[in-house]
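Colleague: Next up is a structure, given as structure tokens.
No lab work stands behind these numbers, since they all come straight from the coordinates. Computed from a prediction, not measured in an experiment: that's the story for all the values here. Cβ sites come from the backbone with ideal geometry, for glycine too, and all protein chains shown count toward neighbours.
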Amino acid sequence: MRRTARTVRLGWMLVFCLAALAALGAAVSQVRLPLFRGYWYPATAEAVRAACEQYLNEAQMPMPVRGRIVACVAPNAGYPNSGGVAAYAFKPLKTGQYDRVMMLTASHTVRFQGCSIPIVRYYATPLGLVQLDGSACKRAAWSSLIESQTVLYKDIGMGRNKRVAIHETEHGIEVLLPFLQVQLGNFELVPIVVGDLMDSNGRLRTTAIKSIADVLQRIVDDRTLIVISSNLTYYGERYGYTPFKENETEGIEWLDKQALHFILNRDLEGFADYLEKTRNPIDGAAPLAILIALLPNQVEGYLLNYQTHAQEMGESGSSVSYAALVFSDPAAAPNESKKTLEVTPWEPADASDISLYGPTKPITGDDMAGRLASGPEKSANE
């Protein structure tokens, strides 16, 4: 009898736990909110579309891109500083050319090992909802180095059981999505936040990077566009990186040109050597390394735009560099454009909707100051 009663209690406990998990799943966001709108980029659909279109119209391509575009690299700072450069990376794209976008960004706010994919159905921007490719996300998470991370906007548990919010405060994907929505229309998204992939000596773990690239390669097809969100050199006391005592502008440009050389020539070991020797805190070093390992041999790399603030350091003594790159397969014809549904602007239905997902206002510089665990990103303007 006691055993039966105990079994019944255990059964009810199991039911209760399952119900609690179901309730948590309902409370966990199905939408990753646009928390940086109104600060890093315009807050409304009309304003962000106008900004993207203006940047795209002003971008004058320095050269034609041959064949089918396989990947783009664009900077992820606030639009006033890097929006004009980012536009060059997306200018050659046409509506309906890609069904899926795989976007990789470094983690700017949370330290962790490997990579993380959010467990949500949609990424939201003022321009509308971008649905995640659930099947592709699950296949990517088969790798032991890529985990699925529930997006939580409220802390649960205590101490060691407290979940780390990797995706909520990460801007690297959110700020570039409006450009892709304007250029491509509707597409499905595979968002990947990349954590620490350095060894104890500060060298890229190239074996792990190749392993991640091998897994991602299985879900990349002709209608998948790879996008890397990354800036280049962060220079100055505020970033803990001042290798030059004089001729700083020339030194920063040399650092950028060396990095671009290895990236454009898809030289993974050369890039790893460069990072180890220079200790250049490129925020997207790991995503860029994954791209190098992921790209097929026949692709061509194009540097479409480059800017550095080195000549404008002034009293701040700091500089951030930006570049727009594309990689294309010259032997493959550009994808045909498919008809896509019109993107519908999105807003939370009411304040109660927002309370499920997070703050009721965009994240500002003051909010971010206390959240940045490490890394170069100190300001929305850079």
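Colleague: Counting other C-beta atoms within 10 Å, which of M103, M61, M198 has the fewest, and how do the rest follow? Mind dumping the intermediate values first?
Modeller: On the way: M103 25, M61 13, M198 17.
By the 10 Å Cβ count, ascending: M61, M198, M103.
Colleague: Something else: Per residue of segment 38-46, what does 6.51 cos²θ - 1.76 cosθ + 1.60 with θ = phi - 60° give for ³J(HN,Hα)? Whole Hz please, x for Gly and Pro, Karplus curve as stated.
Modeller: x, 10, 8, 7, x, 8, 9, 4, 5
Colleague: If you don't mind, another one. Sorted from fewest to most neighbouring beta carbons within 10 Å, what does the list R121, R100 look like?
Modeller: On the way: R121 13, R100 18.
Arranged by neighbour count, lowest to highest, R121, R100 become R121, R100.
Colleague: In whole Hz, with x marking every Gly and Pro, tabulate ³J(HN,Hα) for segment 232-244 from phi via Karplus 6.51 cos²θ - 1.76 cosθ + 1.60, θ = phi - 60°.
Modeller: 10, 5, 9, 10, x, 4, 5, 9, x, 9, 9, x, 10
Colleague: Okay, moving on. Taking H as built 1.01 Å from N, whose amide H comes closer than 5 Å to the amide H of I146, not counting residues under 5 places away?
Modeller: Amide H neighbours of I146, under 5 Å, 5+ apart: C115.
Colleague: Could you tell me which of the pairs K94/K339; K94/K338; K245/K277; K138/K210; K210/K257; K257/K277 are separated by over 21 angstrom between their Cα atoms in the structure shown? Please list the in-between numbers first.
Modeller: Details: K94/K339 11 Å; K94/K338 10 Å; K245/K277 17 Å; K138/K210 19 Å; K210/K257 24 Å; K257/K277 15 Å.
Checking Cα-Cα distances, K210/K257 exceed 21 Å.
Colleague: Considering amide H positions built from the backbone, and no H for Pro or chain starts, which residues 5 or more places from F112, or on another chain, come under 5 Å of its amide H?
Modeller: D196
Colleague: Which of W142, W254, W40 comes first, and how do the rest follow, when ranked by fewest Cβ neighbours within 10 Å?
Modeller: Values: W142 10, W254 14, W40 26.
Exposure proxy ranking, most exposed first: W142, W254, W40.
Colleague: Which whole-Hz ³J(HN,Hα) couplings does segment 295-306 yield from phi under the Karplus relation 6.51 cos²θ - 1.76 cosθ + 1.60, θ = phi - 60°, glycine and proline marked x?
Modeller: 6, x, 5, 7, 6, 10, x, 10, 8, 9, 6, 8
Colleague: Can you list residues whose amide H is under 5 Å from V101's amide H, if they're 5+ apart or on another chain and H is modeled 1.01 Å from N?
Modeller: E188, L189, V190, L225
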